[in-house]
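Working notes, beginning with the structure itself.
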Amino acid sequence: MLSPEMRARLEQIGVNLRVARKKRNISLNQAAEKIGASLSSVRRMEQGDPAVRIETYLAALEVYQLDRTLRFAEPEDDRIGLALEKQRLPQRIRSRKEKRLDF
């Protein structure tokens, strides 16, 4: 189950995809054909339905040539992960002494 915040984000993605489709003068039927999905799946995607397969969203991004703008779970955007990583950094780094072999 999605949180209300994530549901709103998904709905916004659907709105954005609908706008992209309309800017390109692509009908729903044409979009469904190009995306490789049913007409109802494209309609539901544009409404932000979480039951629509992620592949449908990704195919739409590719068809509308928006796939280069996709940023999803990029490591440099992970604020919590970066903060945890920073906490684990050692306070000091000691150089290792070379072992001398006495013969």
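The values are calculated or read from the model by the stated rules, or taken from the named source; none is laboratory data. All figures in this text were calculated on a predicted structure; none of them were measured in a lab. Cβ sites come from the backbone with ideal geometry, for glycine too, and all protein chains shown count toward neighbours.
Can we say residue 99 is surrounded by fewer than 10 Cβ atoms within 10 Å (Cβ to Cβ) and modelled with pLDDT under 80?
Answer is yes for this residue.
Looking only at segment 59-96, which residues are small (Gly, Ala, Ser), under 30 Å from residue 14 (Cβ atoms) and at pLDDT 80 or above?
59, 60, 81
Where residues in segment 1-15 are assigned to a loop (DSSP other than H, G, I, E, B) and not hydroxyl-bearing (Ser, Thr, Tyr), which of them is modelled with the lowest pLDDT? Can you show your working first?
First pass over segment 1-15, keeping only residues assigned to a loop (DSSP other than H, G, I, E, B): 1-3.
Imposing the further condition that a residue be not hydroxyl-bearing (Ser, Thr, Tyr) reduces the set to 1-2.
Values: 1: 85, 2: 90.
Applying the filter and picking the extreme gives 1.
Give me the pairs, please: first residue somewhere in segment 52-63 and farther than 17 Å from residue 22 by Cα, second residue anywhere and of a type in the set (A, V, I, L, M) and surrounded by 14 or more Cβ atoms within 10 Å (Cβ to Cβ), beta-carbon distance under 6 Å, and either six or more positions apart or on two chains.
52/45; 56/37; 56/45
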